[in-house]
Amino acid sequence: MVQPEEQARLYRPRPELLPAAHVPSLADYRRLYRRSVEKPQEFWGDVAKEFYWKQQQQPWVPFLWYNFDATKGRIFIEWMKGAKTNVCYNLLDRNVGEKKLGDKVAFYWEGNEPGDSMKITYGELLRKVCQFANVLHNHGVKKGDRISIYLPMILELVIAMLACARIGAIHSVVFAGFSADSLCERILDCGCSLLITADAFYRGDKLVNLKQIADEALQKSKDKGFPLKKCIVVKHLGREEIAADEEIAADGACSQSPPLKRLCQDVQIPWDPHMDVWWQDLMSGASTECEPEWCDSEDELFILYTSGSTGKPKGVLHTVGGYMLYAATSFKYVFDYQPEDIYWCTADIGWITGHSYITYGPLANGATSVLFEGIPTYPDAGRMWSIIDKYKVTKFYTAPTAIRLLMKYGEELVKKHSRKSLKVLGTVGEPINPEAWLWYYRVVGEERCPIVDTFWQTETGGHMLTPLPAATPMKPGSATFPFFGVVPAIVNESGEELEGEAEGYLVFKQPWPGIMRTLYGNHQQFETTYFKKFPGYYVTGDGCRRDKDGYYWITGRIDDMLNVSGHLLSTAEVESALLGHAAVSEAAVVSHPHPLKGECLYCFVTLKDGHEFTKDLADELKKQVREKIGPIATPDYIQNAPSLPKTRSGKITRRILRKIAQNDRDLGDISTLVNPGIINQLFNNRCDTKL
Ligand code: WTA
């Protein structure tokens, strides 16, 4: 147990970091922060000068132009409208040319199987991106077209994203752990013209036949009247070029022990010669030069889907200029980036963390990163620490759920590895519990490395609340203070701003460059979801407390969303997957505490007449959710509910269901229920052990 005095202690940055730090003290942070929020044009204007602009803004167009108040008209945000640039040019050409980083490693790729690795320099990355941009051109892809990318954590994923950015096409990356239904839904929503996927890959010792899932999604999309014409397939599992550590490659064959599974598996990849084409075949003939498309600062850069409380995923849209400035700046300051750093973010690029802090932020800074295909526990739970030692990682960014998982395996496994290269540790995705924070701090970082607990969202594009490594005294579990340009407030239910120590809804008062601009194809939903509840503010959907020292503490979601292992899911999404089963007449899903995942899904289902609740049925329902959404959404508990507690207006009272799931009989006021009699029965039916 964490002692209260340990938790209340301030953990100060260590002096070693200070000499080179971008922000060496709290006073420096405050000074820069004040300028960033009082004079955004000056602050971000200076940042913009470090980038290449093909055309500057016309002097009469405002640098920042926006409306955050839905009662005064349409919500809009524009940063540097009229200025022209290209994100890919800034990430690659500028670094290779002006900054002379052509030979610097952009990514060390570490495969699922130890010993399977590659590296790519900035120069090589630029050439490959140009080649693939030409491939896209050859397939008729134009500025503004949407391209869906469904790939594992391989270099081609970064190449495909940047190739889209280069020609002004809008990428929509879909996490490779999502199901065919989820992929199909995203293909239809953005109306993409092309899908990029891979043959297959391993996650730990589990084979994922990605092409087969992609094909199912394409078939479903066709059945719904939206046939795609082309599917570009990266030959990954069946790669011909052997990409292994030099010692292994020198010995030659992949039949060597241990065999590289990626290279040796005999997996059947479904193939339609009219539709499918190998990435490698297209690349081999393509030119390594490609003029970038000069885009407006407010042109679309990408769409990334995130769970929506209606159950349908929302296509969060980010634009060129603001996102680039924000991802680059937050990466530089929050990780206190230094040119000799080896940076590793363990997130998947299928999530926003991978977009901003694997692809865009690090490359904009000319950083060297590790890109890891595998999982933390394969071949054993020391993998993370062994990768840190292998590449001498200096800045390491992961999720609380991974930390809790690795804690379970004990300190010995960590201490077997040196980790002495580490300088800064980061976390993202959910509130980190003080036990996990202290373990990360003491055991992993040996009290030498500050922890940046970064609070942000797909919608915010980059960090919002976060310590800066050399400036901010930390409190375990607090995301501390706002990043540059961010003005947080805590409001109560009536929308009144609370001062000093307070708890309520976390909102933001003015735009920062990385804020989303709309939900793709649904601006109205964008306005309702984020701006309607409290006019004049961007509403995060998170609860938050500010302590007497002004530190912010995220208390968790306050809408119908839940956070499983750092991944947001909406209860409605899971309910609709359950309702898709023939035996289910009603379903209600609530969040339930889980020691590793943070939260998990506890589902109440009411069956149709003639169906009996059995373990087999519960398993089938779990499978159903898994197939509809993906493995991350697999419920931990399914409980039989003869009926659900409801208010007079027919609304299911999830507050009570949450208490039932936790066996907490302190239910508060239940006088609004039409059927209070059901409650005892639901307590009796609880799943004490997982079904
Ligand atoms: C939660 C992930 C507490 C929060 C970048 C937010 C956090 C949601 C933190 C966004 C943190 C993320 N402390 N909670 N450091 N980071 N969250 O869109 O509930 O996948 O609203 O973006 O994750 O999740 P998303």
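The values are calculated or read from the model by the stated rules, or taken from the named source; none is laboratory data. Not measured: the values here are computed from a predicted model. A quick note on method: Cβ atoms are made from the backbone with ideal geometry, for glycine too, and the neighbour counts reach across all protein chains shown. Quick note on the areas: whole protein, heavy atoms, side chains included, nothing else; ligands and nucleic acids left out. Shrake-Rupley method; radii C 1.70, N 1.55, O 1.52, S 1.80 Å.
Measuring between their Cα centroids, the stretch 100-132 and the stretch 1-70 lie 30 Å from each other. Electrostatic bookkeeping for residue 196 treats Lys and Arg as +1 and Asp and Glu as -1; over the other residues with beta carbon under 10 Å from its beta carbon, the sum is 0.
When Rg and Dmax are taken over the Cα atoms of the chain, they come to 24.9, 75 Å. Globularity index of the stretch 9-159 is 1.41 (Cα radius of gyration / 2.2 N^0.38 Å, N = number of residues). Ligands, DNA and RNA are left out, and with a 1.4 angstrom probe the accessible area of the chain is 39 Å² per residue. Scanning residues 5 or more positions from residue 173 or on other chains, those with amide H under 5 Å from its amide H are 149, 303, with H placed 1.01 Å from N in the peptide plane.
Taking the alpha carbon gyration tensor of the stretch 400-461, what are the square roots of 5 times its eigenvalues, largest first, to the nearest whole Å?
Listed largest to smallest, the semi-axes of the stretch 400-461 are 22, 14, 9 Å.
Please list log₁₀ I(q)/I(0) at q = 0.14, 0.19, 0.20, 0.24 Å⁻¹ for the stretch 467-568, using the Debye equation with identical point scatterers on the alpha-carbon positions. With no solvent term, the Cα-only Debye profile gives -0.60, -1.08, -1.17, -1.45. Run the paramagnetic zone check for residue 37: 7 angstrom along Cα to Cβ, then residues of the stretch 69-94 with backbone nitrogen under 16 Å. Taking a point 7 Å out along Cα→Cβ of residue 37, no residue of the stretch 69-94 has its backbone N under 16 Å.
Once divided by 2.2 N^0.38 Å, the Cα radius of gyration of the stretch 550-691 becomes 1.04. Heavy-atom accessible area with a 1.4 Å probe sorts 332, 415, largest first, into 415, 332.
The Cα center of the stretch 555-632 and the Cα center of the stretch 408-439 differ in position by 31 Å. Here the chain carries DSSP beta bridges of which approximately 60% are antiparallel, counting only pairs with both residues inside. Rounded to the nearest 10 square angstrom, residue 118 shows an accessible area of 50 square angstrom against a 1.4 Å probe.
How big, in percent, is the set of alpha carbon pairs in the stretch 472-516 lying more than 16 Å apart? Tail fraction, whole percent: 49.
Averaged over residues, the count of other Cβ atoms within 10 Å places the peptides 98-107, 445-454, 500-509 in the sequence 445-454, 500-509, 98-107, highest first. Rounded to the nearest whole Hz, the Karplus-based 3J(HN,Hα) values (6.51 cos²θ - 1.76 cosθ + 1.60, θ = phi - 60°) of the stretch 56-72 follow the sequence 6, 5, 5, x, 8, 8, x, 4, 10, 9, 7, 9, 9, 10, 5, 6, 9, with x at glycine and proline. Legend: residue pairs 84/533; 206/312; 332/392, Cα-Cα distance threshold 27 Å; pairs beyond threshold, 84/533; 206/312. The solvent-accessible area of residue 230, taken with every protein chain present and a 1.4 Å probe, is close to 60 Å². Sorting 648, 31, 545 by solvent-accessible area of protein heavy atoms yields 648, 31, 545, largest first, with a 1.4 Å probe. Per-residue 3J(HN,Hα) values for the stretch 365-375, derived from phi via the Karplus relation 6.51 cos²θ - 1.76 cosθ + 1.60 with θ = phi - 60°, read 8, x, 7, 9, 10, 9, 10, 10, 7, x, 10 Hz in sequence order (x marks Gly and Pro). What distance in nm separates the two pseudo spin-label positions at residue 594 and residue 50, each 7 Å out from Cα along the beta-carbon direction? Calculated label separation equals 3.8 nm. Here the peptides 389-399, 610-620, 18-28 are ranked by packing, the mean other Cβ count within 10 Å, and the order with the highest first is 389-399, 18-28, 610-620. Once the C-beta distance of residue 390 and residue 494 is scaled by a Förster radius of 41 Å, the resulting FRET efficiency is 0.15 to the nearest 0.05. Applying 0.36 nm per residue to the separation of residue 71 and residue 280 and subtracting their alpha-carbon distance, the gain on full extension is 70.0 nm. The orientation-averaged projected area of the convex hull spanned by the Cα atoms of the stretch 288-402 comes to 9.9 nm². Each distinct pair of alpha carbons in the stretch 153-207 adds a 1/r term; the inverse of their mean, the Kirkwood radius, is 12.6 Å.
Heavy-atom surface analysis with a 1.4 Å probe gives the chain a carbon and sulfur content of 50 percent of its accessible area.
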